[in-house]
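Here, each number is a calculation from the coordinates, and none is a lab measurement. What you are looking at is a predicted structure, and each value in this text was computed from that prediction instead of being measured. Positions of Cβ are generated from backbone atoms using ideal geometry, with glycine treated the same way; all protein chains shown enter the neighbour counts.
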Amino acid sequence: MVYANSLEIVLKLVIFDFDGTLVDSRPLILESHRIVFSEFRLPAPSPAHSLALVGKSLDIILADLAGPAAPILDMVKAYDLLLPTLRADPVFAEKPFDGVDNLLHELSGLADALLGIATGHRSDTIAPALQALRWTEFFQTIQAADTAPSKPHPAMLLQALAATGVEAKDAIFIGDTTFDMQMAEAAQLRSIGVAWGHHGADRLRAAGAYHVAETVDELRTTMRAALGG
């Protein structure tokens, strides 16, 4: 058990978003959209529109980008077939933001704190990404789009709490979008926003972020203080 001085909670569980928080997946997302929308002869969405929706479940993103009349299920299947090929190309594979890998190694080495993930990916798409990054063993709970409703519904975080036996008051969620902040608020968790992701610091604060880290170094400093390090 570790006392989070700056956050005024006993911090036992740290849950991270994935895309935009731990990894830069923008090249992968935009190339996926370009190829799949072209395959279905649909106009490609703008990069700004595509990236603004990151964090939600893929079917919900596609319905927003392509319209509800589009063949959403077939498009999801096309993404599933395409994803391993793009991830195998270093140009498009998810890349950890500078300092994130070290941060996860540091936090995972703390005996009294558990780590988790809550992501818009499905279980079968987040697992290969974590394996490629050699991060699988860091996380004691992984909540994904096939096990809970899309963000900002609080189910992912509530399930993470249930899986680890931690109360909401002893947990914190770290993400980069307003969907993340809204999900944390709905689950009654404190949240830290990261400004290097998709929605920016001002939007994160307006959505209820308890704190916004402008850099990974600032996040590391915040977490060290919270974990008594």
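Numbers below:
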| quantity | calculated |
| --- | --- |
| Translational diffusion of the range 75-188, µm² s⁻¹ [Kirkwood Rh, Cα pairs; Stokes-Einstein; 4 °C; 1.567 mPa s] | 85 µm²/s |
| Neighbour net charge for Gln188 - beta-carbon separation under 12 angstrom, K R +1, D E -1 | -1 |
| Prolate/oblate/rounded call for the range 82-145, Cα gyration tensor, a/c under 1.5 rounded | oblate |
| Cα gyration tensor shape of the range 127-229, rounded if a/c is under 1.5, else prolate or oblate by comparing a/b with b/c | rounded |
| Highest average packing first - 27-37, 88-98, Cβ atoms within 10 Å | 27-37, 88-98 |
| Within-15-Å neighbourhood charge of His49 [Cβ basis; K, R +1; D, E -1] | +2 |
| Debye log10 I(q)/I(0) at q = 0.29 Å⁻¹ for the range 114-180, Cα point scatterers | -1.43 |
| Proximal lysines relative to Lys77, as straight alpha-carbon distance under 18 Å, when same-chain residues fewer than 8 apart are discounted | Lys56 |
| Tensor-based shape of the chain (alpha-carbon gyration tensor, a/c under 1.5 rounded, otherwise prolate or oblate) | prolate |
| Linear extension gain, Glu214 paired with Asp98, 0.36 nm per residue minus alpha-carbon span | 40.5 nm |
| Mean Cβ count within 10 Å, highest first, over the residues of peptides 100-111, 182-193 | 182-193, 100-111 |
| Fraction of antiparallel bridges per DSSP, the chain only, in percent to nearest 5 | 20 percent |
| Separation in nanometres of the label points that stand 7 Å from Cα toward Cβ, at Ala132 and Arg34 | 1.7 nm |
| Mean Cβ count within 10 Å, highest first, over the residues of peptides 210-222, 163-175, 69-81 | 163-175, 210-222, 69-81 |
